[in-house]
Amino acid sequence: MTASVAPAALLLLSAALLLAAPPGTLAQGHAHVHGVAKMNIAVDAKTIVLQLQTPLDNLVGFERAPRSDSERRRADEAVARLRAGDTLFRFDPAAGCKLARVDIESAALKLGAASPAPQGEHAELEAQWQFDCSDATRAAYVEVGLFAFNPLKRIQLQLALPKAQLQRELKRPQTRIVLGP
Ligand SMILES: [Zn+2]
């Protein structure tokens, strides 16, 4: 009967991966390393959800509310690039994936429901993209455009696939994440 147990376990695992890091993780000394981002990718039958957590510095070169017009412009450009999820992530066409939803949270940029970051703290940004696919399990890879953000050097990946959970790392100038063993 192990076959009937495994899917439930994977569902739980996917659910756990999709939970946003609670506010205050930074204050507890959670890893916040400039140049490094974390991304979870959960593949289910019809959906693929990508969840990114990154120091704001990796995207705009500062980690607080914008103070000048040029900083505000840089922030607007970064957010626009993140919102264009279908340009940022290009899935294997075999899976027939279309961008369905984008959520961005950043207290410093006043986006989403993120709680205000305490003064002087290293600000982060969290983004989540949902793709609806005709058959997500046929996505053998995804091409990732996140290294267009120049300060970003590495992305630590957690992949929750229908049959495996894997940890990977994507290093500049790599762009392709293989969604399989
Ligand atoms: Zn920082």
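Considering only segment 75-111, how many residues are farther than 30 Å from residue 43 by Cβ, in a helix (DSSP H, G or I) and within 16 Å of the ligand (Cβ to nearest atom)?
Qualifying residue count, segment 75-111: 1.
List the residue pairs whose Cβ atoms are under 8 Å apart, where the first residue sits in segment 52-63 and is in a loop (DSSP other than H, G, I, E, B) and modelled with pLDDT of 95 or more, the second is more than 10 Å from the ligand (Cβ to nearest atom) and open to solvent by less than 10 Å² (accessible area, probe 1.4 Å), and the two are 6 or more positions apart or on different chains.
Short answer, once both residue conditions are applied: 56/106; 56/125.
Against the condition out of contact with any Gly (no Cβ under 8 Å at 6 or more places or on another chain), within 27 Å of residue 178 (Cα to Cα) and within 16 Å of the ligand (Cβ to nearest atom), how does residue 56 come out, does it pass?
yes
Return a yes/no flag: does segment 113-126 have any residue that is within 15 Å of residue 53 (Cα to Cα), more than 16 Å from the ligand (Cβ to nearest atom) and assigned to a strand (DSSP E or B).
No, segment 113-126 has no match at all.
Which number in (1) within 23 Å of residue 167 (Cα to Cα); (2) open to solvent by 30 Å² or more (accessible area, probe 1.4 Å); (3) at pLDDT below 95 marks the one condition that residue 24 misses?
(1)
In segment 84-105, what count of residues is obtained for those that are open to solvent by less than 40 Å² (accessible area, probe 1.4 Å) and within 14 Å of the chain's Cα centre (by Cα)?
Qualifying residue count for the region: 6.
Check off (1) under 21 Å from residue 160 (Cβ atoms); (2) more than 16 Å from the ligand (Cβ to nearest atom); (3) basic (Lys, Arg) for residue 72 and give me the number that stays unchecked.
(1)
If residue 133 passes every condition in (1) open to solvent by 20 Å² or more (accessible area, probe 1.4 Å); (2) touching a residue at least 60 places away in the same chain (Cβ under 8 Å) but one, which one does it miss?
Status for residue 133: all satisfied but (1).
The values are calculated or read from the model by the stated rules, or taken from the named source; none is laboratory data. Everything quoted here is computed from the prediction, not taken from an experiment. Reconstructed Cβ throughout: ideal geometry from the backbone, glycine too, with neighbour counts over all protein chains shown. Please note that ligands, DNA and RNA were not included when accessible areas were found on the heavy atoms of the full protein model with its side chains. Shrake-Rupley method; radii C 1.70, N 1.55, O 1.52, S 1.80 Å.
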